Amino acid sequence: MTQEVLYLSAGDVARVSLPMDAIVDAVEQVFHEKGAGRVEMPPKPGIHPMQDAFIHAMPAYVPAMRSAGMKWVSGFPENHKRGLPYISGLLILNDPETGIPTSVMDASWITAKRTGAASAVAAKYLARDDSRSFGVLGCGVQGRTNMEAMMVVFDGLETVKAYDVDEGVLTRYVADMKAAYGLDVIAVSTPRDAVQGSDIVVTAGPILKHPTPVIESSWFSKGAFACPLDFDSYWKGEAMRSCDKFCTDDRGQLAYYQTVGYFGGIPSVHADLGEIVSGAKSARETDDERIISMNLGVAIEDMATAIRVLEMAKSKGIGTYLPL
């Protein structure tokens, strides 16, 4: 019997058009499974061919979703100089009963969307329900998908303060987000302007092994929620330690990164998102709490999204079957 895999190119995955509300729902569900101890996800190992560059293996198994596989993903900060994306990769899904590969798909779209969805899930539990303003530092792919996902969870958002070191990227972001969501999107000239007074803050710059962080505790407003996607590249240690609750998407991954030199100045972890979504640990308890969720990006998010992409691709007849 000839075994086949469904190959989904970057264009195929995009054409599937899995909507963001479905991705947010899948990511929330998978963190509930994680909180109940029903997923398998070892810390991601990686190699580092260049300074501040990485190629990581991210395996995970989610029995409730019948999703098992691995993402092989890279992040190269200098790629923009070559006209290439910062993040790229492939994702492989396997049949959980036989181990036979069932699909190989481009991982860039999935990585972008599920990362925004994870931020929105964290904000759903940890930001104030009446959050009106969103500060975003880094207006590339993640700045866009995080905006898209936040709009799924917070229909009361009114103002966006956007910062980027690249003026052209910032200008396009402001125009595109205004057109897409009808919000008051303001370009600001400093990181402080984006953070100060914002109810929700997302930082989405490159991940750096030896960063020069700028965000200070005094910028972080009472009652605000922040989700750094770039590790501690933007946030000073004193700013992170000043929060009332410090969370992460996975304790094991965070501990692993500490062993290789990241996160030297962080406070103790109150909870991970699995514990919060499942109700094992407290989420936001007062309107005055300042809360950070250090989202590292974990493989269960990819598996939860990829299995839905695969199912929809099959139903739409998208992709190419290749013999193994």
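Suppose the filter is surrounded by 19 or more Cβ atoms within 10 Å (Cβ to Cβ) and at positive phi; does Gly274 pass it? Against the criterion (surrounded by 19 or more Cβ atoms within 10 Å (Cβ to Cβ) and at positive phi), Gly274 does not qualify.
For the stretch 182-191, filtering for residues that are in contact (Cβ under 8 Å) with a residue 12 or more places away in the chain and out of contact with any Leu (no Cβ under 8 Å at 6 or more places or on another chain) leaves 6. Residues in the stretch 277-295 that are crowded, with 22+ Cβ neighbours inside 10 Å and out of contact with any Lys or Arg (no Cβ under 7 Å at 6 or more places or on another chain): Val277, Ile292, Ser293, Met294, Asn295.
Quick grid of which residues meet (1) part of a helix (DSSP H, G or I); (2) touching a residue at least 40 places away in the same chain (Cβ under 8 Å):
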site	(1), (2)
Gln142	yes, yes
Asn146	yes, yes
Met150	yes, yes
Lys161	no, no
Val169	yes, no
Arg172	yes, no
Met177	yes, no
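Quick check, is Val39 crowded, with 23+ Cβ neighbours inside 10 Å and of a type outside the set (Lys, Arg)? Yes.
Residues that are on the phi < 0 side of the Ramachandran plot and within 21 Å of the chain's Cα centre (by Cα): which strands (runs of 3 or more DSSP E) entirely in the stretch 1-115 hold 1 or more of them? Result: 54-62, 67-75, 87-94, 101-106. When Gly168 is tested against (1) farther than 11 Å from Val136 by Cβ; (2) surrounded by 14 or more Cβ atoms within 10 Å (Cβ to Cβ); (3) of a type outside the set (Val, Ile, Thr), just one condition goes unmet, and that condition is (2). Only one of the numbered conditions (1) over 27 Å from Val5 (Cα atoms); (2) in contact with a helix residue (DSSP H, G or I) (Cβ under 6 Å, 6 or more places away or on another chain) is violated by Arg82, and that is (2).
Put simply, of Phe154, Phe134 the only residue that is over 23 Å from Ile87 (Cβ atoms) and assigned by TED's automatic domain parsing to the domain that holds Glu289 is Phe154. Looking across the stretch 5-51, just one residue is modelled with pLDDT under 95 and of a type in the set (D, E, K, R), and that is Lys44.
The values are calculated or read from the model by the stated rules, or taken from the named source; none is laboratory data. Every value quoted in this text rests on a predicted model; they were computed, and no experiment measured them. Every residue, glycine as well, gets a Cβ built from its backbone with ideal geometry; the counts of neighbours run over all protein chains shown.
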